[in-house]
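The values are calculated or read from the model by the stated rules, or taken from the named source; none is laboratory data. Every value quoted in this text rests on a predicted model; they were computed, and no experiment measured them. Cβ coordinates were reconstructed from backbone atoms using ideal geometry, including for glycine residues, and neighbour counts include every protein chain displayed. All accessible areas refer to the heavy atoms of the entire protein, side chains included, with ligands and DNA or RNA removed. Shrake-Rupley method; radii C 1.70, N 1.55, O 1.52, S 1.80 Å.
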Amino acid sequence: MPMRESAVFLIDDNDSRRHELQAILEFIDVPKVWTSDCETWEREISNIDQPLQAVMVGECSSSEQLDGLLLALKKKDPIVPILLFRECQAQGLYSDKVTREAIGYLEHPIKYKQMINGLQQAQIYRENRESTPTGRGTSPELFRSLVGNSRSIRQVRKLIEQVAVSDANVLILGESGTGKEVVARNLHYYSTRRSKPFVPINCGAIPADLLESELFGHEKGAFTGAISARQGRFELAEGGTLFLDEIGDMSLHMQVKLLRVLQERTFERVGSNKSITSNVRIVAATHRDLEQAIIDGRFREDLYYRLNVFPIEMPPLRERIEDIPLLVSELITRLECDSRGSVRLTQGTMMALCRYSWPGNVRELANLIERLVIMYPQGVVDFQDLPVKFRELTEELSLDPAALEVPILSPMVMREIPALEPLVDGMPRLPAEGLDLKEYLADLERHFIQQALDDADGIVAHAANRLRLRRTTLVEKMRKYGMQRTEEMM
């Protein structure tokens with residue numbers, strides 16, 4: 001990921017460390033490096049007219065001086081990313097206020113990979129803050145998003161587009177936690193009913209003797225405890241969409257009543273004989289095998305065919321692991337929009353997540369990200385910080401997490417490149433929606449150049465040999481793609 005055209009400000013009373021870090025930053029072509037000690041920094045920062053990519057803070061004469069420095073930095077730039085030095089933290093030179101505001105730590109002596117990783121984290125932090133609304137609450141766009149670029153998710157999006165404008169009943173199939181309600185909300189949002197209510201109900205979470213009242217409502221005195229009349233979900237969803245989640249858990253008695261409503265478009269409240277006309281679109285979902293349930297006598301066949309007009313199957317997360325980085329970025333952004341904190345993942349951490357089987361699917365991934373945000377607020381999660389089951393799996397596969405090269409991702413820096421269809425006779429097929437060939441090949445070339453540089457420890461000459469290129473040709477391509485020279489720094 002190319003460095004953003006901005007400045008890095010280094011503040012440290014340790015002269016030798018300050019000069020050493022300045023040399024490293026200039027070597028990796030950071031556009032502008034400003035340095036200062038803790039006495040003169042305010043005068044220096046007033047001369048900076050570029051956005052600050054990061055501020056690296058070392059030691060000062062007192063923690064009070066650092067607190068004042070932090071206050072002034074935040075006043076000048078509220079979203080400035082701050083990196084601290086681990087040895088200064090170990091020596092107790094930072095106050096709790098300073099450490100809470102830091103996005104990460106650097107170890108001294110600094111090596112290239114650690115420095116570039118820190119700058120990437122700072123870039124992602126700033127981009128996330130710049131793109132995050134100031135108000136609380138997740139934006140509708142995030143809530144509706146069906147995240148992923150795998151072939152299976154692109155197929156789901158295509159099916160939603162095809163059926164959303166019709167009033168056909170839709171049956172969403174898939175394991176628990178795959179995002180069936182997200183599909184249902186997308187169907188509603190892109191339909192002609194979007195201005196009317198979307199009303200969900202979990203048929204498996206409500207006792208069978210109460211489900212009828214929940215769906216159809218009841219009149220006052222219809223049963224013990226019915227002290228007033230109440231509308232049911234069908235009435236609340238009038239003109240809109242009724243989402244029947246876990247329809248496979250509905251009792252046979254209620255299946256008969258639901259079938260009648262689907263056939264006649266009328267129903268009666270419990271305790272009433274007055275028919276009410278219903279104009280709702282039914283979207284149902286289940287994690288159960290309904291065809292097997294029909295064979296076992298647990299689900300009515302006629303109701304199944306009423307609901308299964310247009311089936312959409314959500315794939316489990318283990319079958320679309322290429323979507324995990326995108327999902328992680330989306331989940332972190334949602335937490336940030338809710339002002340619930342943020343976190344960043346290292347390369348080894350991301351690869352460990354991609355190796356896991358995810359029996360709880362996207363819901364399990366969301367729970368993990370929320371847990372990491374609580375445990376490491378505004379921090380960087382390394383492989384060793386993950387729960388034991390993720391670490392054990394990676395160790396069983398004899399993987400070295402530190403060597404795994406999966407980029408740290410954010411919604412701002414990720415681009416969805418069309419995935420190719422499966423191989424046929426050893427060659428990939430062009431996807432049905434087509435692709436931008438020039439862009440696709442450029443991304444492929446950039447990917448292999450970066451991989452060769454990483455494998456060669458940043459030595460351009462060795463990377464050129466691996467790519468069968470002349471060194472000058474590789475340097476020109478790196479300049480074209482905005483890639484930095486990555487010689488290893490000691």
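Which net charge results for the neighbourhood of Arg306, defined as the other residues with beta-carbon distances under 11 angstrom from its beta-carbon, given Lys and Arg at +1 and Asp and Glu at -1?
Working: positive: Arg260, Arg300; negative: Glu301, Asp302.
Computed value for this residue: 0.
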Worksheet, complete the sentence: The local net charge around Ala285, scoring Lys/Arg +1 and Asp/Glu -1 for residues other than Ala285 whose Cβ lies under 13 Å from its Cβ, equals -3
Worksheet, complete the sentence: FRET efficiency for Arg468 and Ser152 from the Cβ-Cβ distance with R0 = 30 Å, rounded to 0.05, comes out at 0.25
Discussion item. Rolling a 1.4 angstrom probe over the protein chains, ignoring ligands and nucleic acids, what is the accessible area of Lys76 in square angstrom, nearest 10?
Written reply: 100
Practice prompt. For Tyr481 and Glu291, compute 0.36 nm times the residue count separating them, minus their Cα-Cα distance, and round to one decimal in nm.
Written response: 63.1 nm
Discussion item. Under the rule a/c < 1.5 gives rounded, and otherwise a/b versus b/c splits prolate from oblate, where does region 206-246 land using the Cα gyration tensor?
Written reply: oblate
Fill in: Gain on full stretching of the segment that runs from Asn279 to Arg43 - 0.36 nm per residue minus C-alpha separation
78.1 nm
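Is the shape of region 168-308 best called rounded, prolate or oblate, per the rule: a/c under 1.5 gives rounded, else a/b larger than b/c gives prolate, else oblate, with a ≥ b ≥ c the square roots of the Cα gyration tensor eigenvalues? Walk me through the intermediate numbers first.
Numbers: a/c = 1.72, a/b = 1.24, b/c = 1.38.
Note, shape of region 168-308 comes out oblate.
Is region 5-68 rounded, prolate or oblate when judged by the Cα gyration tensor, a ≥ b ≥ c being the square roots of its eigenvalues, rounded requiring a/c under 1.5 and prolate requiring a/b larger than b/c?
Numbers: a/c = 2.29, a/b = 1.37, b/c = 1.67.
Cα axes put region 5-68 in the oblate bin.
Using a Förster radius of 41 Å, what is the FRET efficiency between Arg260 and Ile374 based on their Cβ-Cβ separation? Nearest 0.05, please. Please list the in-between numbers first.
Working: r = 48 Å, r/R0 = 1.16.
Efficiency computed from Cβ-Cβ geometry: 0.30.
What full-extension length gain, to one decimal in nm, is calculated for Glu26 and Arg298 as 0.36 nm per residue of separation minus the Cα-Cα distance? Let's see the in-between values first.
Working: separation 272, 0.36 × 272 = 97.92 nm, distance 7.02 nm.
Gain on extension, Glu26 to Arg298, equals 90.9 nm.
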Worksheet item: Using modelled amide H (1.01 Å from N, peptide plane; none on Pro or chain starts), what sits under 5 Å from the amide H of Thr35, excluding residues fewer than 5 places away?
Response: Leu10
Discussion item. Please list, ordered by chain and number, the residues whose modelled amide H lies under 5 Å from the amide H of Glu313; skip anything fewer than 5 residues away on the same chain.
Written reply: Leu173
Worksheet item: Taking R0 as 41 Å, what's the FRET efficiency between Gln50 and Asp457 from their Cβ-Cβ distance, rounded to 0.05?
Response: 0.85
